[in-house]
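First up is the structure itself, then whatever we jot down about it.
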Amino acid sequence: MIRVDLRLADGCVESLLMEGHAPTDGSVSVVCAAVTGIVRAAVDALLERDRTNDLRVTADAPTRGRLSVGVANRDADRQWLLGVTDVLVTGLVRIAQEAPADVTVGIERN
């Protein structure tokens, strides 16, 4: 089971915690690959923006199957961050709807 917890502040991602793996049939889990692809693409975009803008991003993957991300100074590029957040949330919710036994998504909105 993959669990993704998102905390949004004023519509923008403030933090993300992803833990776990989707079950496999002995090979690769398509669900796990889909979740990982969406999250990693968003995190890579956030980290790139951190290098070129005032957005501040921390990311840590201390063990296999665990990733935590924090985003600070969200007002620095709010419109861009709203777009990234929308794609991230929409993609994750869609996968969780299609594979509820494998993925859960929690969203806290402030």
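What follows draws every value from the coordinates through simple rules; no lab data is involved. Everything numeric in this text was worked out from a predicted model, so none of it was measured. Here Cβ is always computed from backbone atoms with ideal geometry, including for glycine, and neighbour counts include all displayed protein chains.
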- Task: Relative to the longest principal axis of the C-alpha atoms of the chain, give the angle of the C-alpha long axis of helix 78-98, reported between 0 and 90° and rounded to the nearest 10°.
- Result: 10
- Only one of the values (1) 6.5; (2) 7.2; (3) 8.3 was calculated from this structure for mean projected area of the Cα convex hull in nm²; name its label. (1)
- Query: Counting Lys +1, Arg +1, Asp -1, Glu -1, what net charge surrounds residue 51 among other residues with beta carbon under 13 Å of its beta carbon?
  - Reply: -3
- Message: Output the 0 to 90 degree angle, nearest 10, between the alpha-carbon long axis of helix 30-52 and the longest principal axis computed from the alpha carbons of the chain.
- Response: 20
- Message: Taking 8 Å as the Cα distance limit and 6 or more residues as the minimum spacing, I'd like the relative contact order of the chain as a percentage.
- Response: 41
- Note on the structure: Summed over the other residues with a beta carbon less than 14 angstrom from that of residue 11, with K and R at +1 and D and E at -1, the charge totals -2
- Antiparallel as a % of all DSSP beta bridges within the chain, to the nearest 5? 70
- Around residue 89: net Lys/Arg minus Asp/Glu count, Cβ-Cβ under 13 Å: -1
